[in-house]
Amino acid sequence: MATRVFINLPVKDLDKSVSFFTALGYSFNPQFTDEKATCMIISDNIFAMLLTEPYFKTYTKKQICDAKTSTEVLIALDTNSREEVQQMVAKAQELGATIYTEPQDHGWMYQHSFADLDGHQWELVYMDVTQMPT
């Protein structure tokens, strides 16, 4: 079984991406950071590898998707509260992200989403499973 998750994402401007995610509160592992890539720490076991597009191309024979016009992946992250969802999305928008769906409140689950500077879609979710309908 896997013990860690590494999400690999192509980015157009690594410095801008690092600035964006740093301002959202994420940190980076300097051991896996250079001018071509960085390792964003999401949690103890979840990481996003942000790779410049030329470097990303060395790992695949397929075309890189333009995430601003096509969906390549939806990255969903659990949060500790509805307020954290709202704060993160608002902060992302202040930093240049776009909102691609309106917030959804299902009573027991609240979610809202943004697309980062490269168009990658991030969904932030708060769930209270004790309130989940049976």
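The values are calculated or read from the model by the stated rules, or taken from the named source; none is laboratory data. Given the structure is predicted, the values throughout are model-derived calculations rather than measurements. As a convention, Cβ positions derive from the backbone with ideal geometry for all residues, glycine included, and neighbour counts pool all protein chains shown.
Does Phe20 qualify as being aromatic (Phe, Trp, Tyr), closer than 14 Å to Trp122 by Cα and within 16 Å of the chain's Cα centre (by Cα)?
On the way: aromatic (Phe, Trp, Tyr): yes; closer than 14 Å to Trp122 by Cα: yes; within 16 Å of the chain's Cα centre (by Cα): yes.
Answer is yes for this residue.
Evaluate the range 99-108: report whether one residue or more is surrounded by 11 or more Cβ atoms within 10 Å (Cβ to Cβ) and in contact with a Leu (Cβ under 8 Å, 6 or more places away or on another chain). Scanning the range 99-108 turns up no residue that is surrounded by 11 or more Cβ atoms within 10 Å (Cβ to Cβ) and in contact with a Leu (Cβ under 8 Å, 6 or more places away or on another chain). Here Val18 fulfils each of the conditions (1) farther than 18 Å from Val89 by Cα; (2) in contact with a strand residue (DSSP E or B) (Cβ under 9 Å, 6 or more places away or on another chain) apart from (1). Every condition in (1) at pLDDT 95 or above; (2) touching a Phe, Trp or Tyr at 6+ places or on another chain (Cβ under 8 Å); (3) not assigned by TED's automatic domain parsing to the domain that holds Val129; (4) not hydroxyl-bearing (Ser, Thr, Tyr) holds for Arg4 except the one numbered (1).
Residues that are in the same structural domain as Ala2 (by TED's automatic domain parsing) and either polar (S, T, N, Q) or modelled with pLDDT of 95 or more (or both), at least 1 per element: which strands (runs of 3 or more DSSP E) completely within the range 18-112 meet that? I'd like the intermediate steps shown before the answer.
On the way: elements: 27-29, 37-41, 46-52, 74-78, 98-105.
Hits in the range 18-112: 27-29, 37-41, 46-52.
The residues on offer are Val125, Val18, Val85, and the sole one that is touching a His at 6+ places or on another chain (Cβ under 6 Å) and surrounded by 15 or more Cβ atoms within 10 Å (Cβ to Cβ) is Val85.
For Gln31, the conditions (1) free of Cβ contacts under 8 Å to residues at least 40 places away in the same chain; (2) surrounded by 11 or more Cβ atoms within 10 Å (Cβ to Cβ); (3) not hydrophobic (A, V, I, L, M, F, W, C) all hold with the exception of (2). Annotation note: Cβ proximity below 7 Å between a residue of the range 59-83 that is among the charged types (D, E, K, R) and a residue that is part of a loop (DSSP other than H, G, I, E, B) and at pLDDT below 95 (sequence gap 6+ or interchain) occurs for Glu72/Cys65.
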